[in-house]
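Have a look at this one.
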Amino acid sequence: MGTADEELLAEFGTWAYEPLTLAPRQDYDLELAVIDFAPLLLEIASDPACPKRDFALGVLYILAGDAGELRLHRMVWPRSCPSAR
């Protein structure tokens, strides 16, 4: 993980515990939907004391949906199919 990723994780970890604050920027959830961030997202989503736990859970749903969509795409368009390239 690079410095930018570490800074984003630190920012998210702080923001998640600030009640009554909006996301720092548009599409923040999409920015955080990275598999390397899953451990922190899961930790925050499972913390009953965290005011942004629903947000973290939503990001995990985005990650799961993206993974499922990628798997479906591979099943529908196998590598042997010329149009899949």
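What is the one condition in (1) at pLDDT 95 or above; (2) open to solvent by 40 Å² or more (accessible area, probe 1.4 Å) that Pro78 does not satisfy?
If we test Pro78 against (1) at pLDDT 95 or above; (2) open to solvent by 40 Å² or more (accessible area, probe 1.4 Å), just (1) comes out false.
Among the residues of region 1-24, write down those that are within 14 Å of Val59 (Cβ to Cβ), charged (D, E, K, R) and not in a helix (DSSP H, G or I).
none
Inside region 41-54, can you point out the residues that are within 11 Å of the chain's Cα centre (by Cα) and buried (at least 20 other Cβ atoms within 10 Å of the Cβ)?
Residue satisfying the conditions is Leu41 alone.
Let me confirm something: among Leu22, Leu70, Leu8, which residue is over 11 Å from the mean Cα position of the chain (by Cα) and either modelled with pLDDT under 90 or among the basic types (Lys, Arg) (or both)?
Among Leu22, Leu70, Leu8, only Leu70 is over 11 Å from the mean Cα position of the chain (by Cα) and either modelled with pLDDT under 90 or among the basic types (Lys, Arg) (or both).
Okay, next question. Of everything in region 37-51, what is charged (D, E, K, R) and touching a helix residue (DSSP H, G or I) at 6+ places or on another chain (Cβ under 7 Å)? Give them in sequence order.
Asp47, the sole residue that qualifies.
The values are calculated or read from the model by the stated rules, or taken from the named source; none is laboratory data. Remember, it's a predicted structure, so these values are computed and weren't measured experimentally. Note that each Cβ is placed from the backbone with ideal geometry, even for glycine, and that neighbours are counted across all protein chains shown. Ligands, DNA and RNA are stripped out before the accessible areas are found, and what is left, the full protein with its side chains, is counted by its heavy atoms. Shrake-Rupley method; radii C 1.70, N 1.55, O 1.52, S 1.80 Å.
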